[in-house]
Structure formats: structure tokens, C-alpha cells
């Protein structure tokens, strides 16, 4: 941010971690410029009271710099308490806790819903001696986040901060005549960054769409646009090259579910590490800290994986798949996974069919596997009946190589673009922090 000038003169803020601030600015505790209203706790017994059902904001509704109001829940509260917990336009909403990135996160309430209250995990900070916009900008800065994290009660991946700690937050306050100008300039500067982020985000979306189209076209149409085509008889495949085979999965692959885990029957006599559903992600398999189960010698061929086997999720994210590359010796697999292995009389390649499964997933082929159960499942009997297109072996290898090299190129561009977005977001946060603490002078920024 070398293009921005500092203020002409500075003074000690009186707060060690805050450092210097512009000489004509003030530092005030939040309790001297705003009130902090705690929210309504859910689950209270209101029996016998005159109640009213009203919308209320949760942590999920209060995002960083904006409000997510598509899903606003309601609760019953005593009518007499409505005024006490109602939000007012200009309230700065701040999250009391949750994940580390949610601590202190907030936005300004503009009266979008009337009436509306807030849950006890959301604070309503009501300024009376500073503008809501300035207070929101300051509490969203890295400086304020540093304070919140230092004062928060922390547990594994969670943090929370009390209203009394919020009230002690030192807030840097410029003269009132400067605030609107500074906020206007800050909005203009951040808008430039936001526009770049939006363009890069859209570029990433287009790259992902291109990758999906590349995979789907290659595994259903092949690489030669001049090939004679035929109707596959399968809706999602459409027309496929005439010389390709279209058949049930069971004709080309053996499809076997893993071993059912029965913890009560573990003897520890023949323990083997085994893979679970969560260990199989798209294109990669976790092999660290695997649990163990008994897989006896006579069961090894049935319930273990060999190099080149495809593992496909039977439940949850149905169809998610990865290829086992033969690492780490003898590994079993649980019943939540299908093991696909080419039949002895065919020469299919796991890599081609991995991409075919990815295309099927993108086309929604496995969506019909959803059942009335909470988690979707794809039984082996049903999976074996799915029909896919299979080119000759040499063509499978060509297609797999083409997809792999092209997607690697796209992944490199994706990674570079995502990194640039991360840097832009960091720059945005640093700019806001520098502006609201007076480290840079935006009054004449161009």
C-alpha cells in the first residue's frame, strides 16, 4: 500500500497493541460510544405468558459485511419482551462466537425485517457517539479481530467473547467531519478490489465448467470428431461412437461392497487397516490413521484392495471415486464403499472409468439413488445395472491421458487464480485495517 500517504502527525494511542494513531483522532472504549444489547436465548419456558412469534437472527444470518436473510427462523417470545430484544436500524450486529472466523463478524442492520430480534449468540451494538458504518468497519478490521481473539474463551475450533469484553474494545474514532469522507474513499478503494475478485471468481467458474465439459465430452464422444455415432440408448450418454460398447457395469467390472464392521466381534487376531467412505475423496485416498478391523486370511481376496481397483462411495456423496494405487500393503475396505475391479476377460482401464464416473456424477446420474433415508445410498445390485460406454482399451488410455493432461493444465490456472483471490482478500483486509486505524490517509486518495 505504498501509494497511500500517512497522516502528517501521530500520537501514542495509549494501547500497546494498537500503537500510534493520527494526532487529531481519539481512542475510546466501545462502552463510551455504544451500548451492547444481548439477545434472546432459545428454549425458555413461556408457559402462561402472552407470546408472539417473531423472526430472529442467528450466527448463520450474520456474515462478514453482509446479512444472509434467505433463511430466517422464528421463535416465540413474551409480547412484553419484544421491545427489549427488537433490532433497530443502525445496530451493528456482531457474532458472539462459533468458529474462529465467525468471532466478531458482523454487519449493519438496516431494518430489513420488522419486527426482528436476535439470538443470544448475536450482539446488537447500538452506537450513540459514532456512526454505525464507522463502528462496523472498525470492528471488522484485523485490529479488532486481534482484540477479540485475545479476549475470547477458546476451545477446539471454537471461540466466544462476552459482552463485557466487547464493551472494553478500544475504538479509534476520527473527527465526525472526516468519517463520511474516509468511509466514502474506503468504499471506493474496496470496490475496486471487490470488482477484481468478482471477475476472477467468475473466471474460476468458467474454468470449472470447461473442465466438466471436457471430461463429459471425452468419455461420451471420444477425441475424434469425425467418428460415426450411434444412439447409446442411455439418456445421459446420448450418442456415442459406433464402435464403442454400451453395456451394464457388471459386464465389465466386478462390483463388491466391503466388509460390515462389527465392533463387538473384533478378536484382534487378524487386524487390518481399512478404508471408510470419508477416506475416499475425488481422485485421492487417505491412508493415514486408518482404523482396523478383523479380516481373516480366507477373506483377504474379498475384502482388500489391489493396485488399480476403483473405490466408489456407496452412501452420502454417492459415486465419489478414487483409484487405489497399491500403497501401504494390505488394506481392507468397509461396506460403505464399492470396490470395482475389471473382469478377467476385458481390458478396461481404471483411469478411464474414473473419469466416466465423474461425468456421470456431473450429469446427475446418481441423484436417483436417493432414498427416503436421511443419507443417499447406491446398493451394489442397482449399481451393477447402470449402463456405461466403453471404448477399446487403447482408446480408453488415449482418452484418459488427454483428460489428465488437459485438466492438469486447467488445475494449474485454477490454483493460480485462487491464490490471486486470496491475496486480493488479504489486501482488502489490510487496507480496511490501515484506514480505520489511521495508518494511511485516504482523505486525498485517488
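The numbers here are math on the coordinates, done by the rules we state, and not lab data. Bear in mind that the values here come from a model prediction, so they are computed numbers and not experimental data. Cβ sites come from the backbone with ideal geometry, for glycine too, and all protein chains shown count toward neighbours.
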Kirkwood Rh, angstrom, region 57-139 [1 / mean 1/r, Cα pairs]: 13.0
Difference of contour (0.36 nm per residue) and Cα-Cα distance, residue 20 to residue 444: 150.6 nm
Separation of the residue 5 and residue 64 label points, Cα + 7 Å toward Cβ, nm: 3.2
Separation in nanometres of the label points that stand 7 Å from Cα toward Cβ, at residue 208 and residue 270: 4.5
Sites residue 410 and residue 201 - FRET efficiency at Förster radius 25 Å, r taken between beta-carbons, to 0.05: 0.95
Label-point separation in nm, residue 325 to residue 246, each point 7 Å along Cα→Cβ: 3.5
R0 of 30 Å, Cβ-Cβ distance residue 377-residue 100: FRET efficiency to nearest 0.05: 0.30
Volume in Å³ per residue [convex hull over Cα atoms, computed for region 26-173]: 107
Candidates 317, 50, 231: whichever shows maximal mean-square fluctuation once the chain is modelled as a Gaussian network with Cα springs under 10 Å: 50
FRET efficiency for residue 41 and residue 402, using Cβ-Cβ distance with R0 set to 56 Å, rounded to 0.05: 0.45
Whole-number D in µm² s⁻¹ for region 245-390, Kirkwood Cα-pair radius fed into Stokes-Einstein, 25 °C, 0.890 mPa s: 157
Amide N proximity, region 85-115 versus residue 73 label position 7 Å along Cα-to-Cβ, cut-off under 11 Å: none
